[in-house]
1. Taking Cα pairs under 8 Å and at least six residues apart, what relative contact order does the stretch 79-226 come out at, in percent?
2. Quick one: work out the % antiparallel among DSSP beta bridges in the stretch 107-227, nearest 5.
3. Check residue 197: other-chain or 5+ apart residues with amide H under 5 Å from its amide H, H built from backbone geometry?
4. Out of residues 5 or more away from residue 151 or on other chains, whose amide H comes under 5 Å of its own, with H placed 1.01 Å from N in the peptide plane?
5. Go through the stretch 154-161 residue by residue and turn each phi into a ³J(HN,Hα) via Karplus (6.51, -1.76, 1.60, θ = phi - 60°); whole Hz please, and just put x for glycine and proline.
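Nothing in this text is a laboratory measurement; each read-out follows from the coordinates by a stated rule. Here the structure is a predicted model, which is why all the values come from computation and not from measurement.
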Amino acid sequence: MFHARRIAAFGIFLLAAAACAAPAAQPSPSDARAPTAQPTASAPTATPMADPTALPTATPAPAPHTPTPVPEPTREPRKIDLGSGKLAPDFEIELVDGEKVTLSSYQGKVVLLNFWGTWCPPCRAEMPALQRIWEEYEDRGVVFLGVAIYDEPAEVEDFAESYGITYPLGIDTLGHLTVSYRVTSFPTTFLIDREGNETRRIVNPVNEGFLRIFLNGMLKDEQEDSG
């Protein structure tokens, strides 16, 4: 009995020694984890070199500045009406020489009534033309009467002397005649027939040719009526 136990113990001892002497199992190469690959730095992008033979691009020169054309001043259109055809308003006015006249005192003659002012450039410009026509028609039963608006007698006298104006000139100091004849632009000229009727109304400077035609027509019509 004792011998059997001794043999069993000795067997156990041999098994334990064999276990201790056996080398530890090494992991297989397939079990080893491959090292993680480190990202390689990318090569810097090369900046393209300028071609030394290339010519520089020329910057286009700015177009020359063209000045904006200045529009020419436009003339006021001349307006010619047939007039009211009615009896022109009568009035009394003092001339620069001190004489007083009325429109009715010129009845039986063709009257050119011109509203103007020494302060009005278009009025001043047309006065020589009126003087020329006056010299042509003063002996044919035609009367010219200039009515200066808001002027002083001395100013009108000086102007008439400077420009050689010889037809009668009066002054509407307060503008009453301007209102009575509905004058809103200067110069304005009225043609009044022998009976005192307003036959023509011309706004802005008169045209010498047209004015001669109108006066000749009025004189001719009246000569035919009297004949």
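1. Working: 260 pairs, mean separation 51.7, N = 148.
Result for the stretch 79-226 is 35 percent.
2. Details: 10 of 21 bridges.
Once the DSSP bridges in the stretch 107-227 are tallied, antiparallel ones form about 50 percent.
3. Hits under the 5 Å cutoff: 88.
4. 172
5. 5, 5, 5, 4, 5, 5, 4, 5
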